[in-house]
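Some notes on the structure that comes next.
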């Protein structure tokens with residue numbers, strides 16, 4: 001029996017039917033849904049609000065919590081309370097109950113790790129594109145607050161609904177000072193100067209023994225981990241030393257996303273973009289959340305729709321004009337026609353996605369729906385690239 | 001008809017048994033204080049004259065000598081003068097003296113005389129005879145003329161040069177026409193100087209130019225010449241340059257484009273010439289297509305934008321022209337699908353196999369319907 005199991009059983013209460021339910025201050029623990037190095041996550045019921053929550057209970061190495069255990073707990077609570085963001089998991093409550101530290105959090109339906117395991121490469125590309133944007137936004141927010149996550153991996157990307165992904169588990173995250181932010185040398189709380197993160201997702205500069213990279217933690221290490229996580233989600237496999245385009249696995253993924261992912265997986269941290277740069281490269285407004293309300297987002301979505309429509313209609317009408325001059329077409333045009341067929345297919349596919357995404361606007365509340373605007377903006381950029389690229393080639 | 005009534009102050013003073021001098025004084029005070037309106041006091045004769053409205057009307061409508069007026073009013077001439085001065089001072093009515101001050105001319109009478117002249121419908125009206133014997137300021141002359149012209153025709157344009165008027169409008173068009181016809185008699189060109197006295201009166205010059213155009217003359221530099229002369233030059237330049245921007249052409253030669261434009265029909269009747277009305281550009285197809293050929297000769301493709309800039313045409317116009325040239329096989333080129341480039345087919349790589357299959361029309365039609373479905377889809381989003 002683990003120490004932790006022993007601790008939980010201290011609070012087991014017996015119901016009239018004889019069924020056992022452990023309780024932690026106002027929460028009825030229903031089942032274990034995750035197990036980490038420092039904590040266990042339970043599905044629990046908030047007895048006061050009668051709603052299901054994820055209850056994270058801290059593990060201790062001994063029978064009672066040490067000073068270090070308390071520090072781990074307090075750090076995560078502090079970090080999560082600093083980050084109030086639509087794509088970072090929300091903390092409802094936290095505290096200590098009879099010697100047990102707990103955090104009540106938003107309950108997720110599933111996580112990216114489970115999706116990869118159950119669906120492999122068949123996860124809907126559109127959902128992964130949403131996730132890409134949402135988690136980049138979450139990470140940009142954390143980095144803005146000088147917080148390094150240090151353990152980004154598929155199981156820490158939770159889905160609270162089919163379309164909304166949130167970054168979770170800041171238990172090994174670190175709040176660093178401005179000057180330390182980009183060149184932070186990690187010191188684990190539990191064991192000084194040791195490795196933090198999950199093998200396979202750790203950036204090479206952390207995992208490597210080469211002096212050049214040794215133990216230098218920075219925002220770029222988070223970017224690498226996110227790159228690995230997303231690469232795995234798109235392809236079903238971890239990236240190899242040499243980058244293989246995700247477009248080999250998913251042909252419809254826009255070039256721009258592939259290029260960004262490739263840069264995120266650069267071995268040299270200096271070659272990796274920051275989360276903010278990724279958002280900018282996708283054409284997204286990094287300041288969108290500031291002073292924005294639900295009405296404004298709705299209006300911005302409508303405006304964006306009009307912009308995209310105008311952009312695409314303009315080009316489609318030109319294509320239509322061209323096709324109407326059949327008598328002028330010559331053999332050399334065969335190639336052009338092939339390209340037009342390709343572009344029409346692409347636009348059609350993108351518009352199917354856009355139709356689906358804008359329909360979500362009625363289902364998803366503000367501020368979670370910000371990704372809809374982001375997605376439209378990013379697709380606008382993709383469309384611009386496709387239209388520009390094709391036309392200059394012809 | 002009595003135009004005035006007269007009160008003898010002496011008779012009244014006797015009746016009231018007061019000294020006449022006192023009565024004169026009271027009367028004077030009463031007039032000063034406006035207690036006796038339209039009255040004047042003639043002290044030396046001890047009379048008060050009250051002016052009746054009929055006198056105002058009478059003076060207004062007539063030209064009359066002071067002697068006749070003296071007889072009519074049964075007042076001596078000096079009293080009449082005093083009376084008139086009073087009227088003038090009080091501005092009851094406008095009238096003017098003759099230069100010897102022996103006659104007066106009422107304003108309405110003067111207006112009628114001007115109107116009589118105007119109604120002859122001449123565009124040049126000389127009123128010097130009317131005003132030569134009248135003491136009147138230039139300002140008053142202008143005012144009177146303006147008043148008269150307004151009665152004559154509210155829509156007519158007027159230019160006053162002293163006592164001479166220039167008119168421009170429908171009612172005097174015949175007069176302008178006959179004036180021009182007289183000048184034009186058997187002449188091929190007219191120097192602009194011949195209209196110098198009208199040049200500062202734009203409405204009249206417009207009418208003159210319109211009439212000249214009707215007669216087949218068009219302004220060309222300092223002259224009005226037969227339009228064939230201009231067209232001949234236009235044609236010569238067009239055949240030389242292949243493209244003429246009419247705005248530049250007409251500006252350089254002081255030709256009014258509004259008159260030139262309707263004449264272009266004769267040039268454009270020929271198949272080889274195109275007129276781009278919106279941009280006011282004439283294009284000679286064989287020459288211009290040759291220019292395009294020369295321009296694109298070194299390149300396999302030239303951006304349409306560059307061509308448009310080079311020939312100072314809009315992108316839309318150059319596209320249309322190029323399409324026409326391609327259709328008529330004037331240039332061996334083609335437009336790329338989105339019309340961003342003109343591809344020079346003399347240089348662009350053409351498949352070696354001449355017998356390669358032609359464009360699959362069915363495939364294009366299917367693509368066309370896909371595109372229109374997609375357009376509808378995007379519109380419905």
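The values are calculated or read from the model by the stated rules, or taken from the named source; none is laboratory data. It should be emphasised that the depicted structure is a prediction, and the values quoted were computed from it without experimental measurement. We place every Cβ from the backbone using ideal geometry, glycine too, and count neighbours over all the protein chains shown.
Okay, here's what the table says:
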read-out	value
Strands (runs of 3 or more DSSP E) enclosed by the stretch A:97-167 - at least 2 residues per element that are out of contact with any helix residue (DSSP H, G or I) (no Cβ under 8 Å at 6 or more places or on another chain)	A:100-105
Qualifying residue in the stretch B:310-324 (condition: in a loop (DSSP other than H, G, I, E, B) and either modelled with pLDDT under 85 or within 14 Å of chain A (Cβ to nearest Cβ) (or both))	no
Some residue of the stretch B:283-302 being within 13 Å of chain A (Cβ to nearest Cβ) and at pLDDT below 85	yes
Pairs, first more than 16 Å from residue A:339 (Cβ to Cβ) and more than 7 Å from every other protein chain (Cβ to nearest Cβ) in the stretch B:361-374, second surrounded by 16 or more Cβ atoms within 10 Å (Cβ to Cβ) and modelled with pLDDT under 90, C-beta under 9 Å, six or more apart	B:365/A:323
In the stretch A:261-271, the residues that are within 14 Å of residue A:202 (Cα to Cα) and buried (at least 17 other Cβ atoms within 10 Å of the Cβ)	A:264, A:265, A:266, A:269
Per-region count, the stretch A:237-258, residues within 25 Å of residue A:348 (Cβ to Cβ) and surrounded by 13 or more Cβ atoms within 10 Å (Cβ to Cβ)	12
Condition met for residue B:328 (surrounded by fewer than 13 Cβ atoms within 10 Å (Cβ to Cβ), more than 7 Å from chain A (Cβ to nearest Cβ), over 18 Å from residue A:335 (Cβ atoms) and at pLDDT 80 or above)	yes
Filtered residues of the stretch A:340-351 (kept if more than 8 Å from chain B (Cβ to nearest Cβ) and either outside any helix (DSSP H, G or I) or within 18 Å of residue B:369 (Cα to Cα) (or both))	A:342, A:343, A:345, A:346, A:349
Residues within the stretch A:275-297 that are modelled with pLDDT of 85 or more, closer than 16 Å to residue A:376 by Cα and surrounded by fewer than 18 Cβ atoms within 10 Å (Cβ to Cβ), tallied	3
Selection status of residue B:340, on the phi < 0 side of the Ramachandran plot, at pLDDT below 85, surrounded by 15 or more Cβ atoms within 10 Å (Cβ to Cβ) and touching a strand residue (DSSP E or B) at 6+ places or on another chain (Cβ under 9 Å)	yes
